[in-house]
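Read the structure below first, then the notes.
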Amino acid sequence: MKPVDLVRKLRRDAAFESAVLDRGKERLMAAIRQEVGPQRRPSIVPQLPYQDIAAAIAFLERAFGFREIPTARRVSPAGVVGHSMVEFGDSVIGIGTQGAHGAFSPKTAGTASHYISVYIDDIDAHYQRALAAGAQIASAPHAHRTDYRAYEALDLEGHRWRFVQWLREVPIH
Amino acid sequence: MNSPSDAEVIGRSLDEPEAFGLIYDRHAATLLRFLGRRTGAEVAEGLLGELFRIAFERRKIFDTSRESALPWLYGIGSNLLLKHRRGEARRLRASARMAADDETPNRRTPALDARLLFLRVAAAIEALPAGEREALLLFAWEDLSYQSVAEALELPIGTVRSRLNRARAQLRELLEPGGKKG
């Protein structure tokens, strides 16, 4: 047998889970932001109330591609997440405990008084991701004149998210 | 729509640093497998993080005449692996035992012979000078072309060719029963 073929026989793959890649991505992006970004201090930060914050954030990350800001999470001594922040693009949203500040999750209140618009680059890919994560679709992607396309989805507790792609904007990839 | 080349993405990341995330999306899985083959899963995760941190910091000096960033990223990984030679040697010996166990049922090679053969392959790889070993493993395990190995190790392609030839000759010498050291 040729030497190189013998060497090939010693190639052994190490098993890994895709979670390793996700963690790595998160750390890289956090490092990039820390290194180059000015500390973001938006003038307006919407605060959304939830019954179960940890579950809500996991869903928002999985379904909509939001990212929790790792340093923002506040956990009580009992291990309950009391507040955190998620970011998307150049924006942040607070994720808080319902009841605090007089605001309630739509799941408790049975109704919502707001919806939030999110501007994205690739609505079809985003929609597929939300579908795959089990988001409840309130309206499928549809065009509004020739300006933009949008769809709406509800998260685990019934907050309504409207995702919009401008049609005249060129997708990044 | 055509997706932008790595060179274009890295170029854009100079003004929009977060664009660099796309380089991760494209290549992280390949590099994690590469690092895992060499050091095992646990060490590989840490090295992957280090690799991309370094790549991000050095993105200004990436040679944008190259379309793909993968060979360059392999090169950064190869340098990081130099610090983990002991772990690599352990893993190679474990691989040798497993390769021997894989071989013996289907062949008539006596188990002991197979075991000795592969342990000698492992020892021979270990005994190569670092530069030759790296070229050989990028070529044989990662299936990189000579050109890509040259880009990864920042060497002229002729040097890669001669390193691989030397590595082959040394392995042959160490492995052949009638060889000088056999």
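No value in this document is a laboratory result; all are computed from the given coordinates. Computed from a predicted structure; not experimentally measured. Cβ coordinates were reconstructed from backbone atoms using ideal geometry, including for glycine residues, and neighbour counts include every protein chain displayed.
The aspartates and glutamates within cross-link reach of A:LYS107, meaning a Cα-to-Cα straight distance under 12 Å and a gap of 8 or more places when in the same chain, are A:ASP52, A:ASP155, A:GLU157.
For the stretch A:12-83, what class follows from the C-alpha gyration tensor (a ≥ b ≥ c being the square roots of its eigenvalues): rounded when a/c is under 1.5, otherwise prolate if a/b is larger than b/c, else oblate? Here the stretch A:12-83 falls in the oblate category.
Return the loop-located GluC sites (Glu not before Pro) in the stretch B:1-92 (DSSP other than H, G, I, E, B) with at most 12 other Cβ atoms within 10 Å of their own Cβ; answer none if there are none.
Numbers: sites: B:GLU8, B:GLU18, B:GLU42, B:GLU45, B:GLU50, B:GLU57, B:GLU67, B:GLU88; in loops: B:GLU67.
Here the GluC sites (Glu not before Pro) that fit, given the DSSP loop and packing criteria, are B:GLU67.
Which angle between 0 and 90 degrees, to the nearest 10, do you get for helix B:21-39 versus the longest principal axis of chain B when only C-alpha atoms count? Relative to chain B, helix B:21-39 is tipped by roughly 20 degrees. Approximating the spin labels as points 7 Å out from Cα along Cα→Cβ, the B:ARG33-to-A:ASP5 distance works out to 2.3 nm.
In terms of surrounding Cβ atoms within a 10 Å radius of their Cβ, A:SER76, B:SER145 rank from fewest to most as A:SER76, B:SER145.
Panel order for B:THR30, A:THR111, by other beta carbons found within 10 Å of each beta carbon, from fewest to most: A:THR111, B:THR30. The mean sequence distance of close C-alpha pairs (under 8 Å, at least 6 residues apart), as a share of the length of the stretch B:6-175, puts its relative contact order at 20 percent.
Quick one: order A:TYR148, A:TYR115, B:TYR74 by neighbouring beta-carbon count within 10 Å, fewest to most. Numbers along the way, then the final one.
Values: A:TYR148 15, A:TYR115 12, B:TYR74 25.
Exposure proxy ranking, most exposed first: A:TYR115, A:TYR148, B:TYR74.
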